[in-house]
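The values are calculated or read from the model by the stated rules, or taken from the named source; none is laboratory data. All of these numbers come straight from a predicted model, not from anything done at the bench. Cβ placement follows ideal geometry from the backbone for every residue including glycine, while neighbour counts extend to all protein chains displayed. All accessible areas refer to the heavy atoms of the entire protein, side chains included, with ligands and DNA or RNA removed. Shrake-Rupley method; radii C 1.70, N 1.55, O 1.52, S 1.80 Å.
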Amino acid sequence: MSDALFDLEGRVAVVTGGMGQLGAVYAAGLAERGMRVAVFDVASGDVPDRVRAYEADVTDRSSLEEATRAVTEEWGVPQLLVNNAGLDSPPDAPAEEVGPFETYPETSFDAVMDVNVKGAFLACQVVGGAMAGAGRGSIVNVSSIYGLLSPVQDLYAFRRAQGGTFVKPVAYSVSKSAILNLTRYLATYWAKDGVRVNTVTLAGVWNDQPAEFVEAYTARVPMGRMLQAEEALGAVVFLASDASSYVTGANLVVDGGWSAW
Ligand SMILES: NC(=O)c1ccc[n+]([C@@H]2O[C@H](COP(=O)([O-])OP(=O)(O)OC[C@H]3O[C@@H](n4cnc5c(N)ncnc54)[C@H](O)[C@@H]3O)[C@@H](O)[C@H]2O)c1
């Protein structure tokens, strides 16, 4: 049965960071539901049917403008923007990046803020601005439980036990927290222009992490497991579709109950 509430057929989406673990799930899942999907990413690779990849850097306004112009000429003004591109410190990050807060490098702080905050801001200006001009659209900004709450440093005790220091860095949390108010700001700013703006806050996604981490992490999740990447799609589909027509400025938390206790 097709359901008009969730019908996305023929609509146009932009997914930033769409070559990554979660972005690829959104791009494929939205395309399967009939959307034409433009992936804006600095990385390249294969994409499924109905998805087109554009080399675009979210920290560079002119690059976003060029990609948005190309999408608009081909398919029309997008109806959906998923601000998913993001930088976090990888597990093998240089020692100073996962060292004490007091010596966390300013350059790392700038790099993370540049992609996670300025990138979302610029994509909202360029793609969201075009949506407001067209009088309709939905923006989904992606945050993290580490933007809603502090990281639990105890989860990384196993890393410290292996030698050296390991502190989950500050910049990611600060950047993901900024997303929450970018959403609220724009939700009210564009409320009468037909553009809805919401946050999806995600918990840690299963990605073959070390067993010690998974054990410590899942012990803190009421549902007792990590998020599967495919489980993040439903929130995006809901916020993209008419099923959420009166939802703006909200934070849809997909965390297995992490923030509930
Ligand atoms: N994986 C998790 O556990 C988790 C949890 C909570 C929130 N999130 C958020 O979900 C989003 C996606 O995470 P992921 O795990 O799929 O990450 P990922 O590293 O797999 O993908 C991120 C993508 O962003 C792209 N990117 C980086 N800089 C860019 C730039 N300047 N311009 C355009 N694209 C750029 C990368 O090339 C990559 O394809 C991020 O915003 C992340 O903070 C992830």
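Counting only Cβ charges, +1 for Lys and Arg and -1 for Asp and Glu, the dipole size of region 129-261 around its Cα centre is about 380 debye. Across the chain, the relative contact order, built from alpha-carbon pairs under 8 Å that are at least six residues apart, equals 19 percent.
When nucleic acids and ligands are ignored and a 1.4 Å probe is applied, ASP208 ends up with an accessible area of around 120 Å².
For the chain, with a Gaussian network of springs between Cα atoms less than 10 Å apart, report the residue from GLU55, GLU32, GLU74 with the top mean-square fluctuation. The residue with the greatest mean-square fluctuation here is GLU74.
At q = 0.24, 0.27, 0.30, 0.33 Å⁻¹ the log10 of I(q)/I(0) for region 213-261 amounts to -0.90, -1.00, -1.10, -1.20, computed by Debye summation with a single uniform scatterer per C-alpha, solvent ignored. Beta bridges assigned by DSSP with both partners in the chain are antiparallel in approximately 0 percent of cases. Taking all protein chains as present, what is the carbon and sulfur share of the accessible area of the chain, in % to the nearest whole number, probe 1.4 Å? After summing per-atom areas, the C and S share lands at 53 percent.
Surface exposure of region 127-261, expressed per residue as accessible area with a 1.4 Å probe, stands at 45 Å². Put simply, the amide H of VAL14, placed in the peptide plane, has neighbours under 5 Å in ALA38, LEU80, LEU81, VAL82, leaving out anything fewer than 5 places away on its chain.
Relative to the longest principal axis of the Cα atoms of the chain, helix 61-75 runs at roughly 40 degrees. When the P(r) is computed for region 164-261, the part past 18 Å accounts for 58% of the Cα-Cα pairs. Residues ARG11, ARG33, ordered by accessible area of protein heavy atoms at a 1.4 angstrom probe radius and largest first, appear as ARG33, ARG11. Put +1 on the Cβ of each Lys and Arg and -1 on the Cβ of each Asp and Glu in the chain; which of ASN181, GLY234, VAL47 then has its Cα farthest toward the positive end of the dipole? It is ASN181. Placing LYS176, LYS118 in order of accessible area, with the largest value first and a 1.4 Å probe, yields LYS118, LYS176. Its relative contact order, with pairs defined as Cα atoms under 8 Å and 6+ residues apart, puts region 72-141 at 53 percent. In the elastic network of the chain, a GNM with C-alpha springs shorter than 10 Å, the most mobile of ASN198, ASN181, ASN116 is ASN181.
What angle do you read, to the nearest 10 degrees and between 0 and 90, between the alpha-carbon axis of helix 21-32 and the longest principal axis of the chain? Around 20 degrees separate the two axes.
Contact order for region 119-261, expressed relative to its length and based on alpha carbon pairs under 8 Å spaced 6+ residues apart, stands at 30 percent.
Shown for region 1-58 is the translational diffusion coefficient from the Stokes-Einstein equation, using the Kirkwood radius over Cα pairs, a temperature of 10 °C and a viscosity of 1.306 mPa s: 139 µm²/s.
Only Lys, Arg, Asp and Glu carry charge here, each on its Cβ (+1 for the first two, -1 for the last two); on that basis the chain has a dipole of about 780 debye about its Cα centre. Ordered from longest to shortest, the equivalent ellipsoid semi-axes for the chain are 31, 20, 17 Å, each the square root of 5 times a Cα gyration tensor eigenvalue. Listed by chain and number, the lysines whose alpha-carbon sits under 22 Å from that of LYS176, ignoring those within fewer than 8 places in the same chain, are LYS118, LYS168.
Residues LYS168, LYS192, sorted by accessible area with the largest first, give LYS192, LYS168 [1.4 Å probe; ligands and nucleic acids excluded].
From largest to smallest, the equivalent ellipsoid semi-axes obtained for region 6-112 from the alpha-carbon gyration tensor read 31, 15, 11 Å.
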